[in-house]
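For reference, the structure discussed in these notes is given below.
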Amino acid sequence: MHTRIDLYSDTKTRPSPGMRAAMAGATVGDEQAGEDPATLALCARVAGLLGMEAGVFLPSGTMANLVAILVHARPGDELIADSQSHIVCTEAAGAAAIGGVAVYPLESPHGIFDAAQVAGAIRPPGRTSPRTAMLCVEQTTNFAGGAVWSIGQLKGVRDVAQGAGLACHMDGARLLNASAATGMAPSDYAQGWDSAWIDLTKGLGCPVGAVLCGTGHFIERAWEWKYRLGGAMRQSGVLAAAGLYALDNHLEQLPRDHENAALIWRALAASQLFRFDPPVPQTNILRFAFSDAWIDNAGFAGRCLERGVRVRAIDRGFVRVTTHLDISADMAAAAAATMLSVAHEMRGEASGG
Ligand SMILES: *Cc1c(COP(=O)(O)O)cnc(C)c1O
């Protein structure tokens, strides 16, 4: 059946007519040579937003993480990241495959670990141990359920890491969602981090791209890796223009995405069949399992899809539901009603024999 309501990911948005017009009208040049005006403007704008010196436009957030790892770490080094993070779960082990960098995964509730865990993961220097080179956090946490790191939590892990000489990297794919949820500026969250990036293709609703930021020196080194990995572009202004348009027009819609996630949560939480983790959604991501052992996440997602609602079965028996620019409150309510009736139906079948 045709998918009417796609909550699989906030990457499912289509560029709006206004965004397409902005892309068509972009002033362009050669990005690889540093001559594309819209790309330069976008990088400067995002760097300003994050309180960092400079930025570089990349085809994806996955490449932003990889480039940062390649700059901060050498083959044989180790990085610390949450076990459910995007770097660990869904980047085809790029850190290991391309950078020769090992990962030390931390277990945590909702992707938010603490300073003591970081201290415990940093290996004392020695002939036989990997060199711990880097700490990575996700703001907000993706597969761990859309949770927001507080400034204090960020500073706690960062102080320990930087005290031991580690580089600190923020995967800010949804950093702007954190800001929309709490009112803290993106630069407040990114302050003190050695590198951070935002995705253009999540809440901002662009078709392509991410902007990685850091010091001028970091960005020069990031450029080398961008080029080596084949990420340098030419008239990328047609893509950057979408980012500029989104920062002008779509930022203020992020709170609406969060309200729609809360709307779905309220509808489902009333039924006792769903077990939410985190217990209350903090941003545009809902993550839940089922109180009833008979309901499995993949079966649930399949049934919802038959009824035109697409949700995502993820690791550890969870379902992830993501609201975004192309989801209205009515669509969120309709999706919640479908999810509720599917869960009741599955439980009824299980208990009815
Ligand atoms: C989506 C995402 C990425 C990867 O970004 P792409 O632009 O899809 O490559 C990395 N980290 C997190 C936390 C994400 O949600």
Problem set entry | Residue identified as within 16 Å of the ligand (Cβ to nearest atom), part of a helix (DSSP H, G or I) and either in contact (Cβ under 8 Å) with a residue 24 or more places away in the chain or not hydrophobic (A, V, I, L, M, F, W, C) (or both) among 47, 64, 97 | 64
Problem set entry | Residues of the stretch 144-192 satisfying the condition of being basic (Lys, Arg) and within 26 Å of residue 279 (Cβ to Cβ) | 155, 174
Seminar exercise, completed: Result of the Cβ filter at 6 Å on the stretch 201-212, keeping first residues that are closer than 11 Å to residue 11 by Cβ and open to solvent by less than 10 Å² (accessible area, probe 1.4 Å) and partners that are more than 11 Å from the ligand (Cβ to nearest atom) and not hydrophobic (A, V, I, L, M, F, W, C), at least 6 apart or interchain, is 204/250; 205/13; 205/250; 206/243
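If you take the residues in the stretch 109-141 that are polar (S, T, N, Q) and open to solvent by 50 Å² or more (accessible area, probe 1.4 Å), which one is nearest to the ligand (Cβ to nearest atom)?
Going residue by residue through the stretch 109-141, those that are polar (S, T, N, Q) are 117, 128-129, 132, 139-141.
Okay, now just the ones that are also open to solvent by 50 Å² or more (accessible area, probe 1.4 Å), so 117, 128.
Values: 117: 19, 128: 32 Å.
Among them, the one singled out is 117.
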For this session: Take the stretch 173-200 and flag every residue that is among the hydroxyl-bearing types (Ser, Thr, Tyr) and away from the ligand (no atom under 16 Å from the Cβ).
Result: 182, 187
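Would you call residue 170 more than 23 Å from residue 40 (Cα to Cα) and either assigned by TED's automatic domain parsing to the domain that holds residue 77 or within 16 Å of the ligand (Cβ to nearest atom) (or both)? Working first, answer last.
Numbers: more than 23 Å from residue 40 (Cα to Cα): no; either assigned by TED's automatic domain parsing to the domain that holds residue 77 or within 16 Å of the ligand (Cβ to nearest atom) (or both): yes.
No: the conditions fail for residue 170.
Name every residue in the stretch 219-232 that is surrounded by fewer than 24 Cβ atoms within 10 Å (Cβ to Cβ) and away from the ligand (no atom under 15 Å from the Cβ), in order of residue number.
Start the filter on the stretch 219-232 by keeping residues that are surrounded by fewer than 24 Cβ atoms within 10 Å (Cβ to Cβ), which leaves 219-221, 223-225, 227-232.
The answer is 219, 220, 221, 223, 224, 225, 227, 228, 232.
Just give me the residues in the stretch 266-286 being at negative phi and either open to solvent by 60 Å² or more (accessible area, probe 1.4 Å) or touching a His at 6+ places or on another chain (Cβ under 6 Å) (or both), in sequence order. Give the derivation first.
Here is the first cut: in the stretch 266-286, the residues at negative phi are 266-271, 273-286.
Passing the criteria: 266, 270, 275, 278, 279, 280, 282, 283, 284.
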Exercise. Which residues, counting only those in the stretch 157-184, are in a loop (DSSP other than H, G, I, E, B), crowded, with 23+ Cβ neighbours inside 10 Å and either touching a helix residue (DSSP H, G or I) at 6+ places or on another chain (Cβ under 8 Å) or hydrophobic (A, V, I, L, M, F, W, C) (or both)?
Worked result: 166, 173
For this session: Name the one entry in 28, 71 that is away from the ligand (no atom under 16 Å from the Cβ), in a helix (DSSP H, G or I) and touching a residue at least 12 places away in the same chain (Cβ under 8 Å).
Result: 71
Exercise. What are the residue pairs meeting all of these: first residue in the stretch 235-252, first residue more than 12 Å from residue 45 (Cα to Cα), second residue among the aromatic types (Phe, Trp, Tyr), Cβ atoms under 8 Å, and 6 or more apart or on different chains?
Worked result: 236/57; 239/57
For this session: For the stretch 142-156, enumerate the residues that are open to solvent by less than 10 Å² (accessible area, probe 1.4 Å) and either away from the ligand (no atom under 16 Å from the Cβ) or on the phi > 0 side of the Ramachandran plot (or both).
Result: 145, 146
Exercise. Which one is most open to solvent (accessible area, probe 1.4 Å), of the residues in the stretch 289-329 that are among the polar types (S, T, N, Q) and either assigned to a loop (DSSP other than H, G, I, E, B) or in contact with a Lys or Arg (Cβ under 6 Å, 6 or more places away or on another chain) (or both)?
Worked result: 291
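Filtering the stretch 15-52 down to residues that are out of contact with any helix residue (DSSP H, G or I) (no Cβ under 9 Å at 6 or more places or on another chain) and farther than 30 Å from residue 192 by Cβ, which residue is least open to solvent (accessible area, probe 1.4 Å)? Working first, answer last.
Keep residues of the stretch 15-52 that are out of contact with any helix residue (DSSP H, G or I) (no Cβ under 9 Å at 6 or more places or on another chain), which gives 17, 30, 33, 35, 44.
Among the residues that remain, those that are also farther than 30 Å from residue 192 by Cβ are: 17, 30, 33, 35.
Numbers: 17: 111, 30: 40, 33: 59, 35: 113 Å².
If we take residues in the stretch 15-52 being out of contact with any helix residue (DSSP H, G or I) (no Cβ under 9 Å at 6 or more places or on another chain) and farther than 30 Å from residue 192 by Cβ, then 30 is least open to solvent (accessible area, probe 1.4 Å).
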For this session: Could you figure out which of (1) among the aliphatic types (A, V, I, L, M); (2) part of a strand (DSSP E or B); (3) surrounded by fewer than 17 Cβ atoms within 10 Å (Cβ to Cβ) isn't true of residue 80?
Result: (3)
For this session: Mind listing whichever residues of the stretch 240-282 are within 16 Å of residue 177 (Cα to Cα) and hydrophobic (A, V, I, L, M, F, W, C)?
Result: 246, 247, 251, 254, 261, 262, 280
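The values are calculated or read from the model by the stated rules, or taken from the named source; none is laboratory data. Source: prediction; values computed, not measured. When we count neighbours, we look across all protein chains shown, and the Cβ atoms used for this are built from the backbone with ideal geometry, even at glycine. Ligands, DNA and RNA are stripped out before the accessible areas are found, and what is left, the full protein with its side chains, is counted by its heavy atoms. Shrake-Rupley method; radii C 1.70, N 1.55, O 1.52, S 1.80 Å.
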